[in-house]
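Below you'll find the structure, written out as structure tokens, and then a few comments.
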Amino acid sequence: MSKILIKNISNLLLCGDHLPGFKRGREMQTDNAMQDAYLAIEDDVIVAYGKMDEWAGITDWRGVTIIDAENRFVFPAFCDSHTHTVFAATREEEFEDRIKGLTYEEIAAKGGGILNSAKKLANTSEQTLFEAAKQRLDDMMLSGTGAVEIKSGYGLSLDAEIKMLKVIQRLKKEHPMTIKSTFLGAHAFPTEYKSNQQGYVNLITKEMLPVIAEEKLADYIDCFCERNYFSVAQMTEILEAGKQYGLIPKVHVNQFSIMGAVQKAVALGALSVDHLEEIDDADIAALQESNCMATLLPGCSFFLSIPFGNAKKLMENNVAVALASDFNPGSAPSGNLLNTFSLACIKMKMTPVEALNALTINGAYAMGLASSHGRIALGAKANVIISKPIGSLARIPYSFGENNLEKVIINGAIVKDEG
Ligand code: NIG
Ligand code: FE
């Protein structure tokens, strides 16, 4: 059995055995901090925590790794609830096109974008996709990510969607991070279905979904509901079909336009609605009455130079907000949640504590991991970050582009150690 004791922690954040499943609105201002604390891990589980002066000590010291966290902050590893981490190739040629003035939508209209990624993925083997994605996950752990949702959606054919989902399934088995899988066949219409959209919707609902359900290849179902992509009616048909197979909706909505997709997705029982760069009062009203997580993706806003989601307005209206990286080759080519943390504070005016809640407890909820991840609690997964010596949590997002994490523990193992 492996044992880790972290002692003399100056601030242990988000700890408590009775934290809510997620936090909404003003609750996101609470940090659930304990000063001068210890935390004990056995194998992959948190087995004890408390104040140093109440610590009973260790009777059996054999094999215990002791970490002194004086002047350090300790908190749960980040939970990245929206990523497209499996992809075949980067798309920096589109990046240059955008520098020259084309928009994301204009690039997609001329065959770039998601269809560009699909073309590249069709000719890439499962093994190659696996190795590249594994490397990306390894890098993400170094910036503190301990759980990640990964979507398909660069296949857009039965075979290629299954290929992507099988890569995710293998990552689930072989990678120390906790991984959730989302079927995003409805990411874009393949060229051959441009004038037969219903034909592609049928392919998703009648051919892809039965195989995916049979082989248990997905936990969630997604749809990119947006002008020039899937309409609200098409999204509804796809999500309803997914629900028949037990897949819970988590959707891309309101990235560029407001179409009533938020209300519809909430009504369909979506666990999260993601992007929300554009939002209106009806969307907010639907969210504040629901347990649906509003997931904002500031890396995408930054990279595409589109508006940032209005986190403040959402929180003022008692909505629960999560933050995720959206890691993908087209609109957010970074899985580094420390960047996301900084952007949320700098560009969206989230306080460091609000952003930390959005990256941990709320991110965990948005991927169905509320009971085990994104919190320091007895029995929770041993996914823990230990900062470098810092005076306040704010130092982490403040030092943008820097990594002030000294140690990262994922699944009970120290995967980053700069101490
Ligand atoms: O979340 N908006 C849709 N999907 C991705 C981008 C996909 C791509 O450009 O490859 C996103 O931003
Ligand atoms: Fe996305």
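Taking interchain pairs and intrachain pairs at least six residues apart, which have beta carbon atoms under 8 angstrom, with the first residue in region 223-235 and of a type in the set (D, E, K, R) and the second assigned to a loop (DSSP other than H, G, I, E, B) and more than 12 Å from ligand 2 (Cβ to nearest atom)?
From region 223-235, the pairs are E226/F256; E226/S257; E226/M259; R227/F256; R227/S257; R227/M259.
Give region 308-324 a look and list any residue that's within 16 Å of ligand 2 (Cβ to nearest atom) and over 16 Å from the mean Cα position of the chain (by Cα), or say none.
Initial filter on region 308-324 (within 16 Å of ligand 2 (Cβ to nearest atom)): 308-309, 322-324.
Within region 308-324, F308 is the sole residue that qualifies.
For region 79-98, which positions are more than 16 Å from ligand 2 (Cβ to nearest atom), aliphatic (A, V, I, L, M) and surrounded by 17 or more Cβ atoms within 10 Å (Cβ to Cβ)?
A88
Which one of these does C225 not meet: (1) out of contact with any strand residue (DSSP E or B) (no Cβ under 7 Å at 6 or more places or on another chain); (2) buried (at least 24 other Cβ atoms within 10 Å of the Cβ)?
Here C225 clears every test but (1).
Which residue, of G242, G299, is in a helix (DSSP H, G or I) and either within 16 Å of ligand 2 (Cβ to nearest atom) or not assigned by TED's automatic domain parsing to the domain that holds Y229 (or both)? Steps first, answer last, please.
Values: G242 fails: either within 16 Å of ligand 2 (Cβ to nearest atom) or not assigned by TED's automatic domain parsing to the domain that holds Y229 (or both).
Sole residue among the options that is in a helix (DSSP H, G or I) and either within 16 Å of ligand 2 (Cβ to nearest atom) or not assigned by TED's automatic domain parsing to the domain that holds Y229 (or both): G299.
Would you pick out the residues in region 325-337 that are in contact with an Asp or Glu (Cβ under 7 Å, 6 or more places away or on another chain) and more than 13 Å from ligand 2 (Cβ to nearest atom)?
L337
Every residue, every condition in (1) part of a loop (DSSP other than H, G, I, E, B); (2) within 30 Å of I279 (Cβ to Cβ); (3) not hydroxyl-bearing (S, T, Y), yes or no:
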{"site": "F183", "(1), (2), (3)": "no, yes, yes"}
{"site": "E192", "(1), (2), (3)": "no, no, yes"}
{"site": "P210", "(1), (2), (3)": "no, no, yes"}
{"site": "T236", "(1), (2), (3)": "no, yes, no"}
{"site": "V251", "(1), (2), (3)": "no, yes, yes"}
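Taking the conditions exactly as written (closer than 26 Å to F130 by Cβ, more than 16 Å from ligand 2 (Cβ to nearest atom) and either aromatic (F, W, Y) or without any contact (Cβ under 8 Å) to a residue 40 or more places away in the chain (or both)), does L209 satisfy them or not?
Values: closer than 26 Å to F130 by Cβ: yes; more than 16 Å from ligand 2 (Cβ to nearest atom): yes; either aromatic (F, W, Y) or without any contact (Cβ under 8 Å) to a residue 40 or more places away in the chain (or both): yes.
Yes: the conditions hold for L209.
If you take the residues in region 302-331 that are more than 22 Å from G153 (Cα to Cα) and among the polar types (S, T, N, Q), which one is farthest from ligand 1 (Cβ to nearest atom)?
Among residues in region 302-331 that are more than 22 Å from G153 (Cα to Cα) and among the polar types (S, T, N, Q), the one farthest from ligand 1 (Cβ to nearest atom) is N318.
Can A109 be described as of a type in the set (A, V, I, L, M, F, W, C), surrounded by fewer than 19 Cβ atoms within 10 Å (Cβ to Cβ) and in contact with a helix residue (DSSP H, G or I) (Cβ under 6 Å, 6 or more places away or on another chain)?
When the stated conditions are applied, A109 does not pass them.
Yes or no: region 99-107 includes at least one residue that is under 29 Å from M293 (Cβ atoms), more than 16 Å from ligand 2 (Cβ to nearest atom) and not small (G, A, S).
Step one: list which residues in region 99-107 are under 29 Å from M293 (Cβ atoms), which gives 103-105.
Filter once more, keeping what is more than 16 Å from ligand 2 (Cβ to nearest atom): 103.
If we keep only those that are not small (G, A, S) too, we end up with 103.
The answer is yes; a qualifying residue exists.
Cβ contacts < 6 Å: first residue crowded, with 24+ Cβ neighbours inside 10 Å, restricted to region 292-319; second residue among the aromatic types (F, W, Y), any location; separation 6+ or different chain. Result?
Every condition considered, the pairs that remain are M293/Y365; P298/F308.
For the list (1) within 16 Å of ligand 1 (Cβ to nearest atom); (2) touching a residue at least 40 places away in the same chain (Cβ under 8 Å), I need the number of the one condition that S334 fails.
(2)
Identify, please: which residue in region 157-180 is buried (at least 24 other Cβ atoms within 10 Å of the Cβ) and within 15 Å of ligand 2 (Cβ to nearest atom) and is, among those, nearest to I204 (Cα to Cα)?
M164
Count, please, the residues in region 171-228 that happen to be farther than 30 Å from V415 by Cβ and of a type in the set (A, V, I, L, M).
Total satisfying the criteria: 11.
Restricting attention to region 58-101, report how many residues are within 29 Å of A355 (Cα to Cα) and of a type in the set (G, A, S).
Number satisfying all stated conditions: 3.
For (1) without any contact (Cβ under 8 Å) to a residue 40 or more places away in the chain; (2) at positive phi; (3) in contact with a Gly (Cβ under 9 Å, 6 or more places away or on another chain), each residue gets a yes or a no:
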residue: H18; (1), (2), (3): yes, no, no
residue: M34; (1), (2), (3): yes, no, yes
residue: I41; (1), (2), (3): no, no, yes
residue: W61; (1), (2), (3): yes, no, no
residue: D68; (1), (2), (3): no, no, yes
residue: H84; (1), (2), (3): no, no, yes
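Restricting the search to region 52-96, which residues are within 16 Å of ligand 1 (Cβ to nearest atom) and among the charged types (D, E, K, R)? Step through it out loud before you land on a result.
Going through region 52-96, the residues within 16 Å of ligand 1 (Cβ to nearest atom) turn out to be 80-96.
Once the filter is applied, which keeps residues that are within 16 Å of ligand 1 (Cβ to nearest atom) and among the charged types (D, E, K, R), region 52-96 yields D80, R91, E92, E93, E94, E96.
For the list (1) buried (at least 19 other Cβ atoms within 10 Å of the Cβ); (2) more than 14 Å from ligand 2 (Cβ to nearest atom); (3) more than 27 Å from L171 (Cβ to Cβ), I need the number of the one condition that I258 fails.
(1)
Can you name the residue in region 97-119 that is without any contact (Cβ under 8 Å) to a residue 24 or more places away in the chain and among the hydrophobic types (A, V, I, L, M, F, W, C) and, of all such residues, is nearest to ligand 1 (Cβ to nearest atom)?
Selected residue: I107.
Any residue in region 134-151 that is more than 21 Å from L165 (Cβ to Cβ) sitting within a Cβ distance under 9 Å of a residue that is among the acidic types (D, E)? List the pairs, counting only those 6 or more apart or interchain.
Short answer, once both residue conditions are applied: G146/D80.
As an exercise: evaluate T340 against (1) assigned to a loop (DSSP other than H, G, I, E, B); (2) within 16 Å of ligand 2 (Cβ to nearest atom) and give the number of the one condition it does not meet.
T340 satisfies all of (1) assigned to a loop (DSSP other than H, G, I, E, B); (2) within 16 Å of ligand 2 (Cβ to nearest atom) except (1).
The values are calculated or read from the model by the stated rules, or taken from the named source; none is laboratory data. Being a predicted model, the structure only gives us computed values, none of them experimental. Cβ atoms come from the backbone with ideal geometry, glycine included; neighbour counts cover every protein chain shown.
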